[in-house]
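> Mind having a look at this structure? Questions to follow.
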Amino acid sequence: MFAAAFTMDPVRFPDVYGPEARARVVARAETVEDPAGPGGVWSAERLAADPDALRDIEVLFTGWGGPVLDAAALARMPRLALVLYGAGSVRRIVTEEFWATGIPLVTAAHANALPVAEFTVAQIVYALKDGWRHVLAARAARAPVRVGRAPGAYGATVGVLSLGATGRLVCERLRDYDVRVVAHDPYAAPPPGVAAVGLEELFATADVVTVHTPLTEETRGLVGRSLIAAMKPGATLVNTARGAVLDQPALLDVLAERPDLFAVLDVTDPEPPPPGSPLFTLPNVVVTPHLAGSQALERRRLGDLVVGEFERWTLGEPLLRALDRRTYERMA
């Protein structure tokens with residue numbers, strides 16, 4: 001049997017790696033457990049206190065709060081042969097030293113994309129009905145308010161910015177609606193039924209634009225004043241990617257100048273916004289606290305995905321969700 005260990009934030013651990021997932025691991029591996037950790041999980045603090053605890057492990061199950069895989073951490077796990085990350089972006093934990101080892105790294109980013117896509121589609125449909133605008137206007141007036149003619153979810157145009165895992169899932173789920181879907185991604189072709197358009201056309205023609213662009217140096221501030229100002233009358237901008245992909249000061253300026261536009265932001269820059277931010281006072285923006293991703297038991301999908309990959313690995317089968325360097329560099 002293989003030697004394995006769980007190491008991550010102990011509070012989130014039971015959400016990600018539930019009893020069934022842990023039982024599947026134990027069936028194929030001897031787990032090196034922290035006797036003082038809930039469920040045997042090693043916290044960062046416990047590992048710091050016992051740096052040789054994982055010297056014999058071959059498989060590392062980790063997630064939010066897991067160790068950074070730098071040279072020192074790798075030296076303490078000389079037999080490490082597989083890393084399974086039960087969360088989304090691995091940028092916090094991966095280093096140049098790790099890539100040099102050639103150790104396979106599996107991420108559950110694809111599983112985390114599913115709740116983001118579900119949340120996004122819900123916001124798109126709600127936006128096409130002007131749902132948030134009616135709620136906020138009625139609350140401000142303390143009376144029923146009719147704020148105008150919503151485009152509705154028949155024949156409307158939805159623009160998807162970037163076609164990573166989440167963007168493609170959004171396109172897939174929008175097939176159930178009578179909407180036209182257009183997309184822009186310089187690195188990926190759109191799925192069947194989705195029209196590829198330029199970035200400017202996406203913003204100028206869509207009734208709802210939904211942003212799924214990873215944050216890199218290239219994409220920081222990608223959605224700036226000119227794109228936002230060019231949005232069609234009554235359009236809505238939805239962002240569930242990263243706050244800094246939008247030029248937030250420019251967004252606030254355009255929203256103040258154009259009350260016909262609306263923004264639904266699950267991510268901001270900074271995050272959370274400071275008290276008194278116009279994001280909380282403008283009548284045409286609503287902010288949710290970065291909740292589109294996996295919440296509570298939704299996180300079990302993440303653990304299930306990486307445990308499934310572990311089972312494939314033990315059988316000598318190819319990994320389906322291993323992350324290569326090129327893909328990593330384009331991820332959030």
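The values are calculated or read from the model by the stated rules, or taken from the named source; none is laboratory data. Since this is a predicted model, take the numbers as computed values, not measurements. Positions of Cβ are generated from backbone atoms using ideal geometry, with glycine treated the same way; all protein chains shown enter the neighbour counts. Heads up: the accessible areas ignore ligands, DNA and RNA and are worked out on the full protein's heavy atoms, side chains in. Shrake-Rupley method; radii C 1.70, N 1.55, O 1.52, S 1.80 Å.
> Once the other residues with Cβ under 15 Å from the Cβ of G66 are scored (Lys, Arg +1; Asp, Glu -1), what is the net sum?
Taking every other residue near G66 into account, the sum is +1.
> Over all distinct Cα pairs, what is the inverse of the mean 1/r for segment 145-291, reported as the Kirkwood hydrodynamic radius in Å?
Values: mean 1/r = 0.0645 Å⁻¹.
So the Kirkwood estimate lands at 15.5 Å.
> Within a Cβ distance under 13 Å of N239, other residues only, what is the Lys/Arg minus Asp/Glu net charge?
-3
> Under a point spin-label approximation (7 Å from Cα along Cα-to-Cβ), what is the D176-M1 distance to one decimal in nm?
Taking the simple label geometry, D176 and M1 are separated by 4.1 nm.
> Another one. Taking the 0 to 90 degree range and rounding to the nearest ten, how far is the long axis of helix 248-257 tilted relative to the main principal axis of the chain, both from C-alpha atoms?
Relative to the chain, helix 248-257 is tipped by roughly 20 degrees.
> Hey, another quick one. Counting residues in the chain as N, plug N into 2.2 N^0.38 Å and put the Cα Rg over that result.
1.11
> Using a simple spin-label model with points 7 Å from Cα along the Cα→Cβ vector, what separation in nm is obtained for A196 and D70?
4.1
> GNM on the chain, C-alpha springs below 10 Å: top fluctuator among T281, T236, T107?
It is T281.
> Under Stokes-Einstein, with the Kirkwood radius over Cα pairs standing in for Rh, what whole-number D in µm²/s applies to segment 1-120 at 25 °C and 0.890 mPa s?
Answer from the Stokes-Einstein relation: 168 µm²/s.
> I've got another one for you. In nm², what is the average projected area of the convex hull enclosing the Cα atoms of segment 139-193?
5.5
> With each run of n ≥ 4 DSSP H residues scored as -39500 (n - 2.57), what mean residue ellipticity at 222 nm is computed for the chain after dividing by its residue count and rounding to the nearest 500 deg cm²/dmol?
Estimated from H runs of four or more residues: -9000 deg cm²/dmol.
> Mind giving me the nanometre distance, one decimal, between the label points for H290 and E257, set 7 Å out from Cα along Cα→Cβ?
Rounded to a tenth, the inter-label distance reads 3.0 nm.
> What is the extension gain from R325 to A48, computed as 0.36 nm multiplied by their sequence separation minus the C-alpha to C-alpha distance, in nm to one decimal?
On the way: separation 277, 0.36 × 277 = 99.72 nm, distance 2.82 nm.
Result: 96.9 nm gained on full extension.
> List the relative contact order of segment 148-258 as a percent without decimals, with contacts defined as Cα pairs under 8 Å and 6+ residues apart.
So the answer I get is 25 percent.
> Can you list the residues of segment 236-266 with backbone N under 15 Å from a point 7 Å past the Cα of S226, pointing along Cα to Cβ?
247
> Another question about this same structure. Would you work out the charge dipole size for segment 36-76 about its Cα centre, treating the Cβ of every Lys and Arg as +1 and the Cβ of every Asp and Glu as -1, and quote it to the nearest 20 debye? Please report the intermediate quantities before stating the final value.
Details: 3 positive and 6 negative charges, 13 e Å.
Charge dipole, segment 36-76, about its Cα centre: 60 debye, nearest 20.
> How large is the charge dipole for the chain, taken about the Cα centre, if only the Cβ atoms of Lys, Arg (+1) and Asp, Glu (-1) carry charge, to the nearest 20 debye?
920
> Keeping every protein chain in place, order E218, E311 by accessible area at 1.4 Å, biggest value first, i.e. largest first.
Numbers: E218 135, E311 40 Å².
Ranking E218, E311 by accessible area, largest first, yields E218, E311.
> To the nearest 20 Debye, how big is the dipole of segment 182-332 about its Cα centre, given +1 on the beta carbon of each Lys and Arg and -1 on that of each Asp and Glu?
220
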